[in-house]
Amino acid sequence: MTVATLPDPTHVPAVHRRRPRALVGASVVVAALLILPLVFLLLQARQVGWGQLSALLFRHLTGTLLWNTVRLSIVVTAASAAIGTAAAWFIERTDLPGRRWWAVLVVIPVAIPDFVVSFGWVSVAPSLHGFAGAALVMTLAVYPLVYLPVAASFRGADPGQEEVARGLGLGRVRTFFRVTVAQARPAILGGCLLVALALLAEYGAFEILRYQTFTTEIFTEFQVGDVPVACALSLILVLLGLVLLTADGFGRGSGRTSRSGPSVARARQPQRLGRGTVPVVAGFVVLAGLAVGVPFGTLVYWLLQGGRTTLPAAASLSSAAWHSAGYSAAAAALATAAALPVALLSVRYPGRTTMLLERSTFLVLALPGVVIALALVYFSEHDAAFLYQRSPLLIVAYAILFFPLALVAVRASVAQAPTGLEEMARGLGCRPWSVLWRVTLRLVAPGLAAAFCLVFLSAVTELTSTLILIPTGAQTLATQFWAYTTNLSYAAAAPYATVMLVIAVIPSYLLGRWFNRLPSKAATPT
Amino acid sequence: MTRLTATNLYKAFGRQPVLTGIELTVPEGSLTAILGPSGSGKTTLLRVLAGFERSDRGVITLGDRVVEDGRHYVPPEERGIGYVPQEGALFPHLTVERNIAFGLSRLERRDGRIARLAEMVGLGTLTGRFPHQLSGGQQQRVALARALAIEPGVVLLDEPFSSLDAGLRASVRADVQRVLRDAGTTAVLVTHDQDEALSMADIVAVIRDGRIGQTGTPQELYEHPVDPAMAEFLGDANLIRGSVDRAVATTPLGTLPLRSGTTPVVTPTAAMVMVRPEQVEIWPGAGVDGLSARVVESHFHGHDTVIRVLPEASSGIAALVARTDGALALAPGTEVTVTVRGAVLAWPDA
C-alpha cells in the first residue's frame with residue numbers, strides 16, 4: 001500500500017536533487033534482470049511462431065483451464081477477503097477473549113507452504129479433490145494474506161470515525177460496512193491481489209488435489225517436453241497476472257483514506273461482543289482447527305507413524321536441509337542487495353523515470369515461479385548451457401521471484417530513514433559513498449534484515465521452480481518432500497516438511513523481533 | 001571565524017521562484033538572524049548556503065573562498081559549514097559521543113575535543129546515551145556540539161528552537177547564544193520568530209519574497225524600518241495617516257517631533273506615521289489635552305497591559321494599540337484620552 005504524502009512546506013522536494021549515476025545505473029541493471037524472464041518468454045513464443053501458438057491457444061483445453069483458474073480465483077479470493085477481514089476486525093476492534101493468542105494463531109498458515117496444507121488434508125480425507133477440495137484447502141492456506149494487511153490497517157486507522165458514525169445514528173452493521181470496510185478498502189484489495197496471484201502461481205497443492213490449472217498444465221507439458229504448449233499457456237498465465245495488477249491499480253486509485261487531527265491514536269475502547277462472544281469464539285476455534293490443526297496434526301501423526309516404520313536416513317535429511325538453506329540464503333542476499341538501489345532511488349529521488357523503473361520491477365509479481373523457471377531453462381539451453389541445472393540458475397530464479405518482497409521491506413525502512421541525516425553527514429564532511437556506509441546502511445539495516453528473512457523464508461518453502469531448476473544430484477527439503485508425497489509415502493515425507501517449517505520459523509521469529517525491537521523513536525529522531 | 005557573503009543569489013523550483021536576488025553579508029564572528037515569514041525562502045537560502053541545493057545564479061563566498069558561482073560548486077562536505085537543522089537530526093544509531101565525533105577523523109577524536117564540547121553544551125554526563133533517550137532541548141544541544149566539532153567557518157541554524165516548547169525555548173536559546181559566542185564562530189540563524197531574532201542576533205536580515213528587505217542591528221530595524229510593512233513585521237505598530245513638514249508630523253494625535261532617519265521634506269507632504277504601542281499613553285477621563293477615545297479591550301500580561309482603544313470618529317483612526325506598564329485596569333467602554341510620547345518615524349508619500 002502506498003501512503004499518499006503531501007508536500008511538506010518546510011522541506012524542499014527531493015525531485016530537484018540530481019540522481020547519482022551509480023544508483024541509477026544499478027537500478028537499471030536490476031530492473032533489466034527482472035524483466036529478463038518476460039523477454040525470454042516472448043523470444044520463445046516468437047520461435048514457436050504465431051500460427052502454432054494460436055492453434056494451441058484457441059482449443060478446448062485452454063477454455064477448461066481458464067474456467068478452472070478463474071472460478072477458483074474468484075471463490076477463494078472472495079472467501080479469503082471475508083474471513084481475513086472479519087478475523088482482523090474481531091481481533092483488532094472487539095473485546096474478543098484471547099485476542100493476542102488468536103492474532104498469532106490465525107497468521108500461522110501463511111508460514112505453512114500450500115502444498116504441505118493440501119498434503120495434510122489429502123492424507124486425512126483422500127477423497128478430497130477437484131474444485132471443492134481446492135477451494136477449501138486454498139482458502140485455509142491463503143486467507144492470512146488478507147488478514148495481515150487488513151489488521152495492520154485497522155490498527156492504523158482512526159477509530160474515532162466509527163464512533164462518529166454510531167453517533168450519527170448508524171447501526172453496528174451499517175457502520176461496519178460504510179466506515180470500517182471503507183477504511184480498510186486499500187488493504188483488502190491489496191490482500192485480494194496477493195491471494196489471486198498466489199492462486200495463479202500455485203502448483204504443488206493443485207497437483208496433490210488433482211485440480212487442473214494453467215500452472216499444473218504448464219508443468220506437465222514441460223515434463224513431457226512440449227515446449228510450444230508450455231510457452232503458449234505461460235503467455236496466458238502472465239496475461240492474467242498483468243490483468244490483475246492493472247485492475248488493482250485502478251481499484252486503488254479511487255480510494256482515499258485520511259486521518260484528521262493528531263496522529264497519536266487514543267487508547268481505544270474495544271467494541272463489546274456481548275452475546276455474540278460465544279459464536280465468534282466458536283468460529284475462531286473452527287478456523288484455527290481447520291487451518292492450523294489439520295496440517296500440524298497430520299504432520300505429527302505421520303511423524304509418529306514414521307517413527308515405527310521407515311525413518312529417512314538422517315544424512316539425506318541434513319543434506320536436503322543444507323541445500324535448502326544454502327540456496328535460500330544466497331537468493332535472499334542477492335534479492336536484498338538488488339532491492340537496495342531500487343529502494344534508495346525510488347524513495348530519495350522520486351520522479352517519473354524513477355517511478356517507471358520501480359513499477360517495472362513489480363511486473364515480476366505477474367510472473368509465476370513456473371514461468372520464471374521455464375524462461376531460465378530456455379535461456380540456459382540457448383545461451384548458457386554451462387548454467388543448465390547448476391545452482392546459480394536456481395538462486396537467480398528465487399531472487400527474481402521474491403524480489404518484490406525484498407523491495408517492499410527495504411523500501412519501508414528507507415522511507416523511514418530521514419533524508420536530513422544524510423545531508424547532515426555530508427555537511428559534516430562525509431563523501432557520498434561514506435554517507436551510504438556510515439549512515440544510510442545503518443539506518444536501513446532492519447529493513448535489509450527483514451528483506452533477507454522474507455526472501456529466505458519464501459525460498460525455503462518454494463516448490464515449483466525448485467523442481468524445474470534443481471541442480472543435478474541435489475535435493476532440497478521441498479523436492480524430497482514432494483518425491484515422497486507423490487509416491488504416497490506420507491510418513492517418509494513428513495520429516496522433510498517438519499524441518500522445512502523449522503527452518504522457515506527462525507527467520508519469521510527474527511522478523512518479528514526486528515519489527516518489535518525497532519521502536520518508532522529510534523527510527524525517526526524526535 | 002569566517003565572513004560569509006551571498007551575491008545576487010537566485011533559485012527556483014520548477015517555475016516557482018524562491019530566491020530572487022539575495023544580497024547578504026554575514027560579518028566575521030557575528031550571529032546574524034535571517035528573519036522571514038514561512039514561505040519567504042529562508043530555509044532554501046540556508047540550504048543553498050550549506051550546499052544541499054545548488055543555486056541557479058549568484059555567488060557565495062566563505063572567507064576568501066568562492067564556494068559557488070555559475071561554474072564552480074563546492075559540495076557540502078568540502079565547505080566546512082556546521083549545520084543544525086530544525087529537528088536536530090541526530091543519528092539515531094549512534095550515541096551522543098559518536099554523534100559529536102561523526103565529522104572528525106580518528107586522530108581528531110583523541111584530542112579531548114568531544115568531551116570538551118559535550119561539557120560546553122552542558123551534556124558532559126550524557127555522552128553514552130542514544131538520541132531517543134534525550135529530551136528535545138538536549139538533542140538540540142548535541143546537534144550544536146556536533147556542528148561545532150568540525151570547527152566550522154560558519155554555523156547555520158535552521159529554526160533550531162521551533163520544535164521546543166515555550167518554557168524550554170528560552171533556556172536553550174540562551175545556552176546556544178552563549179556557546180556560539182564562546183566559540184567565536186560566525187553563525188547564521190534562520191527564524192520566523194521576531195522576538196528570537198531581535199533578542200539573540202547581532203544583525204538581523206529580513207527576507208521577504210525571496211530577497212533581503214532590510215539588514216541592520218535589532219535596534220536599527222525596530223526604530224527605523226524601511227517601510228510600513230517592515231514596521232508591522234518587526235513588532236506591533238500603529239500606522240496613522242498624517243502629513244510631515246521639516247521636523248514635525250501632524251496627525252490626529254497632535255503634532256509630533258520626527259525621528260532622525262525620516263526622509264526629509266521641505267514642503268507639507270502626506271505621510272504614513274508609525275507610533276509604537278509603548279509610545280501611546282492612556283489617561284483615564286478627559287482632563288488631559290489629547291485625543292479622546294473609548295477602551296475596546298484590555299489584556300493584562302503581568303509585565304505590561306495591552307489596551308486597544310477606539311478614537312473618536314472625527315480622527316479617522318480605526319484603532320490604536322497602547323502598551324502600558326503596570327496594571328492599569330480599564331473596563332471596555334471607559335472614556336480615555338490618548339497622547340504620544342517621544343519622536344515618531346514617518347514615510348512621506350512619494
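The values are calculated or read from the model by the stated rules, or taken from the named source; none is laboratory data. Remember, it's a predicted structure, so these values are computed and weren't measured experimentally. Glycine also receives a Cβ, built like all others from the backbone with ideal geometry; neighbour counts cover every protein chain displayed.
Being modelled with pLDDT of 90 or more, more than 14 Å from every other protein chain (Cβ to nearest Cβ), buried (at least 24 other Cβ atoms within 10 Å of the Cβ) and assigned to a helix (DSSP H, G or I) is the requirement here; does A:Thr479 meet it?
Working: modelled with pLDDT of 90 or more: yes; more than 14 Å from every other protein chain (Cβ to nearest Cβ): yes; buried (at least 24 other Cβ atoms within 10 Å of the Cβ): no; assigned to a helix (DSSP H, G or I): yes.
The answer is no for A:Thr479.
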Would you call B:Arg65 under 30 Å from the mean Cα position of the chain (by Cα), more than 13 Å from every other protein chain (Cβ to nearest Cβ) and without any contact (Cβ under 8 Å) to a residue 40 or more places away in the chain? yes
Out of the residues in region A:111-151 meeting the condition of being out of contact with any Phe, Trp or Tyr (no Cβ under 8 Å at 6 or more places or on another chain), surrounded by fewer than 18 Cβ atoms within 10 Å (Cβ to Cβ) and in contact (Cβ under 8 Å) with a residue 12 or more places away in the chain, tell me which one is nearest to A:Gly84 (Cα to Cα). A:Ala111
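Out of the residues in region A:327-361 meeting the condition of being small (Gly, Ala, Ser), assigned to a helix (DSSP H, G or I) and surrounded by fewer than 23 Cβ atoms within 10 Å (Cβ to Cβ), tell me which one is farthest from the chain's Cα centre (by Cα).
Within region A:327-361, the subset small (Gly, Ala, Ser) is A:328-333, A:335, A:337-339, A:343, A:346, A:351, A:360.
Retained after the next criterion (residues that are assigned to a helix (DSSP H, G or I)): A:328-333, A:335, A:337-339, A:343, A:346, A:360.
After this cut, where a residue has to be surrounded by fewer than 23 Cβ atoms within 10 Å (Cβ to Cβ) as well, the list is A:329-330, A:333, A:337, A:346, A:360.
On the way: A:Ala329: 17, A:Ala330: 19, A:Ala333: 17, A:Ala337: 18, A:Ser346: 21, A:Ser360: 18 Å.
For region A:327-361, the residue satisfying everything is A:Ser346.
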Between a residue in region B:74-101 that is surrounded by 24 or more Cβ atoms within 10 Å (Cβ to Cβ) and any residue that is at pLDDT below 85 and not in a helix (DSSP H, G or I), which pairs come within a Cβ distance under 7 Å, given they are 6 or more apart or on different chains? B:Gly88/A:Pro525; B:Ala89/A:Pro418; B:Ala89/A:Pro525; B:Leu90/A:Pro525
Search region B:217-243 for residues that are modelled with pLDDT of 90 or more and pair each with any residue that is among the acidic types (Asp, Glu) and not in a helix (DSSP H, G or I) when their beta-carbon atoms are under 9 Å apart and the residues are at least 6 apart or on different chains. B:Thr217/B:Asp202; B:Pro218/B:Asp202
Residue check, A:Phe90 against (1) buried (at least 22 other Cβ atoms within 10 Å of the Cβ); (2) under 29 Å from A:Leu233 (Cβ atoms), all met but one. Which one? (2)
Cβ contacts < 8 Å: first residue over 29 Å from A:Val150 (Cα atoms), restricted to region A:57-86; second residue outside any helix (DSSP H, G or I), any location; separation 6+ or different chain. Result? A:Thr64/A:Gln212; A:Leu65/A:Gln212; A:Leu65/A:Thr213
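Does A:Trp437 satisfy the condition of being within 14 Å of chain B (Cβ to nearest Cβ), of a type in the set (Phe, Trp, Tyr) and closer than 23 Å to A:Ala330 by Cα? Lay out the reasoning, then the answer.
On the way: within 14 Å of chain B (Cβ to nearest Cβ): yes; of a type in the set (Phe, Trp, Tyr): yes; closer than 23 Å to A:Ala330 by Cα: yes.
Judged against the criteria, A:Trp437 is a match.
Which one of B:Leu31, B:Leu90 is of a type in the set (A, V, I, L, M) and at pLDDT below 90? Full working, then the answer.
On the way: B:Leu31 fails: at pLDDT below 90.
Matching residue, one of B:Leu31, B:Leu90: B:Leu90.
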Tally up the residues in region A:163-181 that are under 16 Å from A:Ala82 (Cβ atoms) and of a type outside the set (Val, Ile, Thr), please. 2
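Suppose we keep only residues that are among the polar types (S, T, N, Q) and in a strand (DSSP E or B) within region B:210-247. Which one would you say is farthest from B:Leu45 (Cα to Cα)? Before you say what the answer is, go through the steps one by one.
Taking region B:210-247 as the starting set, the residues that turn out to be among the polar types (S, T, N, Q) are B:214-215, B:217, B:219, B:238, B:243.
If we keep only those that are in a strand (DSSP E or B) as well, we get B:214-215, B:238, B:243.
Values: B:Gln214: 16, B:Thr215: 15, B:Asn238: 32, B:Ser243: 39 Å.
Among those that are among the polar types (S, T, N, Q) and in a strand (DSSP E or B), it is B:Ser243.
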So for region B:197-207 (the condition being out of contact with any helix residue (DSSP H, G or I) (no Cβ under 8 Å at 6 or more places or on another chain), farther than 12 Å from B:Ala33 by Cα and in a strand (DSSP E or B)), does at least one residue qualify? no
Condition (residue is farther than 18 Å from A:Val435 by Cα, of a type in the set (A, V, I, L, M, F, W, C) and facing chain A (nearest Cβ under 10 Å)) applied to region B:7-14: is it met by at least one residue? yes
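Identify the residue in region A:484-506 that is within 18 Å of A:Pro126 (Cα to Cα) and not aliphatic (A, V, I, L, M) and, among all such residues, is surrounded by the fewest Cβ atoms within 10 Å (Cβ to Cβ).
Start the filter on region A:484-506 by keeping residues that are within 18 Å of A:Pro126 (Cα to Cα), which leaves A:484-494.
Filter once more, so that each one left must be not aliphatic (A, V, I, L, M): A:484-487, A:489-490.
Numbers: A:Tyr484: 21, A:Thr485: 24, A:Thr486: 12, A:Asn487: 10, A:Ser489: 16, A:Tyr490: 20.
Looking at residues that are within 18 Å of A:Pro126 (Cα to Cα) and not aliphatic (A, V, I, L, M), I get A:Asn487.
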Considering residues that are surrounded by fewer than 13 Cβ atoms within 10 Å (Cβ to Cβ) and in a helix (DSSP H, G or I), the number found within region A:48-63 is 6
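Just to be sure, is A:Ala339 assigned by TED's automatic domain parsing to the domain that holds A:Thr464, touching a helix residue (DSSP H, G or I) at 6+ places or on another chain (Cβ under 7 Å) and either of a type in the set (Val, Ile, Thr) or more than 18 Å from A:Val30 (Cα to Cα) (or both)?
Here the answer is no, as A:Ala339 does not meet what is asked.
Just give me the residues in region B:248-281 being part of a strand (DSSP E or B) and in contact with a helix residue (DSSP H, G or I) (Cβ under 8 Å, 6 or more places away or on another chain), in sequence order.
Quick first cut of region B:248-281, residues part of a strand (DSSP E or B) only: B:248-251, B:254-258, B:260, B:262, B:269-275, B:280-281.
Correct list: B:Met272, B:Met274.
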If I filter region B:46-56 for residues that are facing chain A (nearest Cβ under 8 Å) and not in a loop (DSSP other than H, G, I, E, B), do I get at least one hit? yes
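Please note which helices (runs of 4 or more DSSP H) are completely contained in region B:80-186 and include at least 2 residues that are within 14 Å of chain A (Cβ to nearest Cβ) and touching a helix residue (DSSP H, G or I) at 6+ places or on another chain (Cβ under 7 Å). Don't jump to the end; show me each part of the working.
Numbers: elements: B:96-101, B:106-109, B:113-120, B:136-149, B:166-183.
Answer list for region B:80-186: B:96-101, B:113-120, B:136-149.
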Keeping to region A:408-428, report how many residues are facing chain B (nearest Cβ under 7 Å) and over 15 Å from B:Ile150 (Cβ atoms). 3
Any hit, region B:197-215, residues being farther than 29 Å from B:Leu310 by Cβ, hydroxyl-bearing (Ser, Thr, Tyr) and in contact (Cβ under 8 Å) with a residue 60 or more places away in the chain: yes
Please pick out the residue among B:Ala322, B:Ala346, B:Ala249 that is under 30 Å from B:Ser38 (Cβ atoms) and at pLDDT 90 or above. B:Ala322
